[in-house]
Each structure stands twice: as structure tokens, then as C-alpha cells.
Amino acid sequence: MSKRTGKFRINRFWSVVATLIVIYALIKWGIPAASREITGLPFPLPVPGTLIFMYMVLTLITLFMFVTFSNDYMEEFLGPIKGLLSARYGKLPRLLVLLAVPLIAGWQVYEATVPKIELPSSLRIQHPSSNFPRKFEAMKSPIANPPDTAIEAFIEQAKAGEVELIAQVQPDVERWMEETDPEHMLDFIATAPMKKFLAELKGGTVSKETAKAALLEKYLFEGRALYAMNCRACHGDSVSGDGPMADGFKLRPINFTDNGTIETIVEGYTFWRVANGGPGLPTEATPWDSAMPEWKLSLTEEERWKIIFAEYDLAEKTPRIPEGH
Ligand code: HEC
């Protein structure tokens, strides 16, 4: 029934069929192929089935409105269907189509209802390690285990009343000192180990143990400050993965107070994970992209170790001891 008006035109029935096929193909294969180009990942990002369904329903509604726009359009659309049913294209094609439709429908219903044996969809691996460099395994935190030289330097600085602090907290501490004029600049860390250290300092004899405990208090303070600046938005004040940004991520930021997280891994692994973030994860940790940033790009090693030290402390957890230690 296609009317020829000079140019080539296809019948509306076939243009509807072609539109459906093209749109389906674009969503099903076009978008995943484009995603691969855009993200550069070694796998495509498929469009979820429910979304494909929604797009196709919208397409159908649009096409329905288009076809029923006028009686002429409707006539033209129905032309091939009526032609088929009245055997204008022959009896055999009509028979074949009339047999095929119920068979295909029946097959689809069978496919949807028959119980299937399928591999379970693979669970995400929480601690992927296939690309974890072994040399990190026995790594010990230089912050949690300060060397003697660091402790001695700390004692000297404390005696002189000029303890080095990370630049990020320096202005705040200076302002606090101006406002309160404290006896010692470390007074703002009002914990028992620090008080004991300051008392020994006043008395003139400081034991290394006390100094070490106080130095760890200083590191904790710095680590907490760095945590608040860099990690809190996702991992939260309570380190339980409930920061203000957390709800925005499909793969939620880790809850460090959960027993299955930082407690089950060695320090070196945590260090490696924080350094490389989501981009450093191997393929077994995909296809969900982790929003965890690549911290080696913006934090020094020392800052990362201080944060990790504070992170374990805030979560009240200890790292796993490496094998054979
Ligand atoms: C943009 C949000 C975001 C920020 C900011 C962020 N993280 Fe994460 N982090 C995540 C997400 C999401 C995960 C969980 C997914 C995964 O396993 O990679 C995660 C996982 C981790 C893990 C892995 C825990 C485990 O059990 O393997 C550690 C450790 C971690 N983050 C530490 C940090 C530290 C330290 C900082 C700050 C320096 C930080 N994160 C900042 C989002 C974030």
C-alpha cells in the first residue's frame, strides 16, 4: 500500500517495526559499546533490564501516538496486517505467520517459567588481592611503631616547647595558644598519656615509654584531623560509612566498625588500598566502580599512615597480624 510521492517511502507499518528494532539495538548494544569507549574499562556497562523495559514502553507509546495521529496514518499502518490476514500475500505466508505468533508466545512463556540451573551471580570480592604487591604484606606502620630517633626528637621538641605539627592543624593550634596562653603547647591534647608526659617533662626526667605514648597521642590528633578533612565526607564521623556523601554511592563507603573490614586485613593492605583507591582495584572487584579516591595522588605517605592509625583507633579495631609474625 505504500504511496509513492516521488521520493522513496516505506510503509508506516515497516517504519514502526524498524524504529523499534533500531531503538532496542541502540539501548542493548549501542550504549554498552559507547560506555566502553568513554570509560576505557575492559568491560562494557550494560543497561539494566528494567531500564530497557521502560525505554521500550516509552517508545511504544510514542509510536502508538504517531500511528493513531490520523485516519490516513492508521489505514496505512494497518494495510500490511489486513493484507496478510486477507491472504493478499498468499495463503502460505498467512499460515506461517499465524502459526509462528502463538509458537513464539508459548516459547517465551515456557522460557520465563521453566526452572533453570544457573551459576549464582558472582559476589563482589571485598578484599581483592590479585594485584596486591606482596612486599606490602609485612609492612609495618612507621606511625604506630615510631623509631627511637622519632621519640627522642619529640622529647627535644617538647622540652623547647616547639613541637612540630602538620601544617594543616598549625594555624588552629596557634590561634588556640594565643587565646588561652597555655603552660605547654601540647596542653590541648588533654588525654591521660599526654598529661603524664607533660608532668614528667616538668619534673625533668622523661621515660621513653611515656614519651612514646604521648607521641602516639599527637599522631592520633593529626590523623583524626586529616581523616576529617579527607575521609569523613564518605566514611563518616563515626567511621561507620555514613558520611554526608555516603548515600550517593552504589558501592557504599566501607564501615570500618564492621568486623569484616579493616580488622581482617594487615596494615600493609590497608595502606595499599588507601593509596590506590577504587582505580587500583583488579577486575574481580568490578563491575561496580568504587568511589574511593586514589589517595597517593594527594596525600603523602606519612599523612596516609597517620590517617590509618587514627582510623583503626576511631573504629576501635586492630589490624590483622601478618602471617609468621
Ligand atoms: C568519595 C568517597 C570516599 C572518600 C572521600 C574516601 N573513601 Fe574510602 N572507600 C569508599 C568506598 C565507596 C569504599 C568501598 C568500596 C571499595 O571496596 O573500594 C571505600 C573503601 C575504603 C577502604 C577499604 C576497606 C576494606 O575493608 O577493604 C579503606 C581502608 C578506606 N576506604 C579508607 C579511606 C580513607 C583513609 C580515606 C581518606 C583518606 C577514604 N577512604 C576516603 C569511598 C570513599
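As a quick test, which of the pairs 135/250; 196/306; 140/208 have an alpha carbon distance above 24 angstrom in this structure?
Going by Cα-Cα distance, 135/250 fall outside the 24 Å limit.
So, R0 is 25 Å and r is the distance between the beta-carbons of residue 167 and residue 145; what FRET efficiency does that work out to, to 0.05?
According to the calculation, E is roughly 0.55.
If each DSSP helix of 4+ residues adds -39,500 (n - 2.57) and the sum is divided by the residues in the chain, what number results at 222 nm, nearest 500 deg cm²/dmol?
-16500 deg cm²/dmol
Within the P(r) computed for segment 12-113, what percentage of the Cα pairs occupies the region above 24 Å?
47
Against the longest alpha carbon principal axis of the chain, how many degrees, from 0 to 90 and to the nearest 10, is the axis of helix 267-276 turned?
So the inclination is approximately 50 degrees.
At q = 0.11, 0.17 Å⁻¹, what log₁₀ I(q)/I(0) does a Debye calculation on the Cα points of segment 192-270 give, no solvent, two decimals?
Log10 of I(q)/I(0), two decimals: -0.45, -0.78.
Mind checking which of 68, 10, 52 is farthest towards the positive end of segment 1-76's charge dipole, using Cβ charges of +1 (Lys, Arg) and -1 (Asp, Glu) about the Cα centre?
10
Give, rounded to the nearest 20 debye, the magnitude of the charge dipole that segment 134-315 has about its Cα centre when Lys and Arg contribute +1 at Cβ and Asp and Glu contribute -1 at Cβ.
Computed about the Cα centre, the dipole is about 500 debye.
Determine Rg/Rh for the chain; Rg is computed over alpha-carbon atoms and Rh is the Kirkwood hydrodynamic estimate from the same atoms.
Computed over Cα atoms, the ratio is 1.27.
How high is the relative contact order of the chain, in percent, counting Cα pairs under 8 Å that sit 6 or more residues apart?
On the way: 301 pairs, mean separation 50.3, N = 325.
Value for the chain: 15 percent.
Taking the Cα atoms only, what angle lies between the long axis of helix 148-160 and the longest principal axis of the chain, rounded to 10 degrees?
Helix 148-160 and the main axis of the chain meet at about 70 degrees.
Segment 134-315: Rg/Rh from Cα coordinates, Kirkwood Rh?
Values: Rg = 18.2 Å, Rh = 17.8 Å.
Looking at segment 134-315, the ratio lands at 1.02.
Could you give the nm distance between label points at residue 228 and residue 28, where each point is 7 Å from its Cα heading toward the beta carbon?
Inter-label distance under the simple model: 5.5 nm.
If packing is taken as the average number of other Cβ atoms within 10 Å across a peptide's residues, how do 195-205, 107-117, 66-76 rank, most packed first?
Packing proxy ranking, top to bottom: 195-205, 66-76, 107-117.
Would you be so kind as to identify which of 115, 150, 261 lies farthest towards the positive end of the dipole of the chain, taking Lys and Arg as +1 and Asp and Glu as -1 on Cβ and the Cα centre as origin?
The residue sitting farthest along the positive end of the dipole is 115.
Sort 157-167, 91-101 by the packing proxy (mean of other Cβ within 10 Å over each peptide's residues), most packed first.
Per-residue mean Cβ counts within 10 Å order the peptides as 157-167, 91-101.
Find the relative contact order for segment 190-325 and round it to a whole percent, using C-alpha pairs within less than 8 Å whose residues are 6+ positions apart.
Computed value for segment 190-325: 26 percent relative contact order.
Amide H of residue 277: which non-local residues (sequence gap of 5 or more, or other chain) have their own amide H closer than 5 Å, using H built in the peptide plane?
295
Using modelled backbone amide H atoms (1.01 Å from N, in-plane), which distant-in-sequence or interchain residues come within less than 5 Å of residue 266's amide H?
Close amide H contacts, sequence-distant or interchain: 320.
Does anyone have the angle between helix 71-85 and the longest principal axis of the chain? Alpha-carbon axes, 0 to 90°, nearest 10?
Value to nearest ten degrees: 70.
Ordered by residue, what ³J(HN,Hα) values in Hz, to whole numbers, does segment 87-103 give under the Karplus form 6.51 cos²θ - 1.76 cosθ + 1.60, where θ = phi - 60° and Gly and Pro are x?
6, 5, 8, x, 6, 5, x, 4, 4, 4, 5, 5, 7, 5, 4, x, 5
Let me know the charge dipole size of the chain about its Cα centre in debye, to the nearest 20, where only the beta-carbon of Lys, Arg (+1) and Asp, Glu (-1) is charged. The partial results should precede the final answer.
Values: 34 positive and 39 negative charges, 651 e Å.
Around 3120 debye, computed over the chain.
When ranked by the protection proxy of mean other Cβ atoms within 10 Å per residue, highest first, what sequence do the peptides 10-16, 296-302, 212-218, 306-312 form?
The packing order, highest mean first, is 306-312, 212-218, 10-16, 296-302.
A short reminder: the numbers here are calculations on the coordinates, not readings from a lab. As the structure is a computational prediction, the values presented were derived from the model and not from experiment. Cβ sites come from the backbone with ideal geometry, for glycine too, and all protein chains shown count toward neighbours.
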